[in-house]
Amino acid sequence: MDPRPAPAAEVVRSATRTLQAAGVDSALVEAQLICAHVLGIDRGRLMIADDLDATAVAEVERIAAARARDRMPLQYLLGRAASGRLDLAVGPGVFIPRPETELLVEWTLAALPAPAPEPGPVVVDLCAGSGTIALEIAHARPDARVHAVELHDAALEWLRRNADERAAAGDTPVEVHHADATEIGTLAHLRGRVAAVVSNPPYIPVTDDLPAEILAHEPATALFGGGDGLVVVVPLVDLAAALLAPGGLLAVEHDDTTGDAVAAVVSAQGGFGTVEQHTDLAGRPRFVTARRLDPGRGAGGDHGGNNDDDEVVTSARKGTTR
């Protein structure tokens, strides 16, 4: 090991070559992220960063070599992932937050009732994973009372860690529940009291046509929603209908091939009014929203079919609504 300090630009170039040789996409960006992580600075400050000492250089080389060798997601190797306004802890066993989910978060924040003197809205995040949706809402809306539901033990550990971190940073604490988002009795104490149910559930139709690093490292329980991508979505929508107060909001992320199917599931549930499909910034179907009907005026019963007020809107808004 060369004991002399090395300029950041030189270390980044070396890491980039390692990643490029392994066929890693965006090798330069990843090398910059690795170097910035080791230095404890933002990537944009690398140009003015101090030289790296031998220990720091060795750590950059170690992470770059591990990424090249095993193709483990960079977020797992760094232990952190960007999540909208937040930076969350992630690692093996939990789904890595994706930028597309931020659109669902922004829609929900814009649709929630404005802060008022009375207690804030109750929000439930089903299949919370690392906590990205729940924690972003709690961060942006300190008055909200946010509940996060996660079934799988490995993901639950990351969720609890992130919830503790954000509470220590001053955000309103999120209440974490080890529970099943497909069981109708989950969070029974909140039945009929919730202002918004949000979810990024396992929704990919089962396939092996995904990047190898995703298939090899991210948990299948967080990725796949059965052959049609709806195995979790259908019972989750029933639970949402049970939890929501009249006028409450539902927002569910989905695969870009299942937008029509998810909208049809929500409409057919019988407890929701206008169902809207929303696209991401690339114009791909990405999430569905709806508003809970007053059960006294609805179609009655789960999967009771559409009532006269139900409508599926297919001319979706693109991107954020805020």
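Go through (1) in contact with a Pro (Cβ under 7 Å, 6 or more places away or on another chain); (2) part of a strand (DSSP E or B) one by one and return the number of the condition Val149 breaks.
Among (1) in contact with a Pro (Cβ under 7 Å, 6 or more places away or on another chain); (2) part of a strand (DSSP E or B), the lone unmet condition for Val149 is (1).
Picking from Gly91, Gly170, Gly185, which residue would you name as being open to solvent by less than 20 Å² (accessible area, probe 1.4 Å) and in the same structural domain as Arg284 (by the TED database)? Please lay out each step first, then the result.
Working: Gly170 fails: open to solvent by less than 20 Å² (accessible area, probe 1.4 Å); Gly185 fails: open to solvent by less than 20 Å² (accessible area, probe 1.4 Å).
Result: Gly91 is the single residue among Gly91, Gly170, Gly185 that is open to solvent by less than 20 Å² (accessible area, probe 1.4 Å) and in the same structural domain as Arg284 (by the TED database).
Given the conditions (1) modelled with pLDDT of 95 or more; (2) farther than 14 Å from Val124 by Cβ, which single one is not true for Leu210?
(1)
Quick check: anything in region 208-226 in the same structural domain as Pro142 (by the TED database), touching a Ser or Thr at 6+ places or on another chain (Cβ under 9 Å) and open to solvent by less than 20 Å² (accessible area, probe 1.4 Å)?
Scanning region 208-226, I find at least one residue that is in the same structural domain as Pro142 (by the TED database), touching a Ser or Thr at 6+ places or on another chain (Cβ under 9 Å) and open to solvent by less than 20 Å² (accessible area, probe 1.4 Å), so the answer is yes.
Give me the pairs: first residue in region 65-87 and within 15 Å of Pro211 (Cα to Cα), second residue surrounded by 16 or more Cβ atoms within 10 Å (Cβ to Cβ) and among the β-branched types (Val, Ile, Thr), beta-carbon distance under 7 Å, and six or more apart or on different chains, which are they?
Partner pairs satisfying both residue conditions: Arg67/Val24; Ala68/Thr18; Ala68/Val24; Pro73/Ile96.
Could you list, in sequence order, the residues of region 261-278 that are closer than 17 Å to Leu109 by Cβ and open to solvent by 10 Å² or more (accessible area, probe 1.4 Å)? It would help to see each step written out before you state the result.
Applying the first criterion (closer than 17 Å to Leu109 by Cβ) to region 261-278 yields 276, 278.
Passing the criteria: only Glu276.
Pairs only if they're at least six apart or on different chains, beta carbon under 6 angstrom, first in region 97-113 and modelled with pLDDT of 95 or more, second among the aliphatic types (A, V, I, L, M) and surrounded by fewer than 22 Cβ atoms within 10 Å (Cβ to Cβ); list them, first residue then second.
Leu109/Ala140
Can you pull out every residue in region 279-292 that is surrounded by fewer than 23 Cβ atoms within 10 Å (Cβ to Cβ) and in contact (Cβ under 8 Å) with a residue 24 or more places away in the chain? Give the derivation first.
Our first condition is that a residue be surrounded by fewer than 23 Cβ atoms within 10 Å (Cβ to Cβ); within region 279-292, this holds for 279-285, 291.
Listed by number, the residues that qualify are Thr279, Asp280, Leu281, Gly283, Arg284, Pro285, Arg291.
Provide a single number: the residues in region 235-260 that are surrounded by fewer than 19 Cβ atoms within 10 Å (Cβ to Cβ) and free of Cβ contacts under 8 Å to residues at least 40 places away in the same chain.
Final tally of qualifying residues: 1.
Among the listed residues Gly247, Gly192, which satisfies the condition of being in the same structural domain as Val105 (by the TED database), under 25 Å from Ala111 (Cβ atoms) and touching a helix residue (DSSP H, G or I) at 6+ places or on another chain (Cβ under 8 Å)? Steps first, please.
Values: Gly247 fails: touching a helix residue (DSSP H, G or I) at 6+ places or on another chain (Cβ under 8 Å).
Only one candidate passes the filter, namely Gly192.
The values are calculated or read from the model by the stated rules, or taken from the named source; none is laboratory data. What you are looking at is a predicted structure, and each value in this text was computed from that prediction instead of being measured. Cβ: placed from backbone, ideal geometry, glycine included. Neighbour counts: every protein chain shown. Each accessible area value is taken on the protein alone, full model and side chains, heavy atoms only, with ligands, DNA and RNA left out. Shrake-Rupley method; radii C 1.70, N 1.55, O 1.52, S 1.80 Å.
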